[in-house]
Amino acid sequence: MFFIIFYYLNISFLSREKNEKNLYLGINRIENWVIQLDKTCKWYNCCPIKFFVENGKLEKKWVEDYCLIGNKNCIRYKLEMKNEPHPDNMLPNGEIREELEY
Ligand code: SF4
């Protein structure tokens, strides 16, 4: 009798662990789908262009045409990918706006 109970408890523990692992993998897959659907540039939250637009210092079209649709033609994006330094006041098209500052 003891062995039967032990066997049952062991099986249910293992299947619970397996279910939790499957649930974790499922949630992970859903997160990856959501990330793939979201086209926002990965640097959006720390990009100065976002700050300038949110603070009314720059036209909204810059984030709409580049950041929010993950436009890989953004010069800032390309420089980030090459790990090359670039000024905060450089627009996504490479133009420098001297008047832009924090
Ligand atoms: S300006 Fe360029 S690098 Fe910055 S968030 Fe927009 S697309 Fe990304």
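Coordinate-derived values only; no laboratory data. Source: prediction; values computed, not measured. Positions of Cβ are generated from backbone atoms using ideal geometry, with glycine treated the same way; all protein chains shown enter the neighbour counts.
Assorted remarks:
- The residues of the range 51-72 that are surrounded by 14 or more Cβ atoms within 10 Å (Cβ to Cβ), in a helix (DSSP H, G or I) and either more than 12 Å from the ligand (Cβ to nearest atom) or acidic (Asp, Glu) (or both) amount to a single one, ASP65.
- Top-ranked residue of the range 73-99 - restricted to ones that are in contact with a strand residue (DSSP E or B) (Cβ under 9 Å, 6 or more places away or on another chain) and assigned to a loop (DSSP other than H, G, I, E, B), ranked as farthest from LYS39 (Cα to Cα): ARG97
- Contact map, the range 73-99: residues that are touching a residue at least 40 places away in the same chain (Cβ under 8 Å) paired with residues that are of a type in the set (A, V, I, L, M, F, W, C) and assigned to a loop (DSSP other than H, G, I, E, B), Cβ distance under 7 Å, separation 6+ or inter-chain. Pairs shown: ASN89/LEU100; PRO92/CYS74.
- Criterion violated by CYS41 - all others in (1) more than 10 Å from the ligand (Cβ to nearest atom); (2) assigned to a loop (DSSP other than H, G, I, E, B) satisfied: (1)
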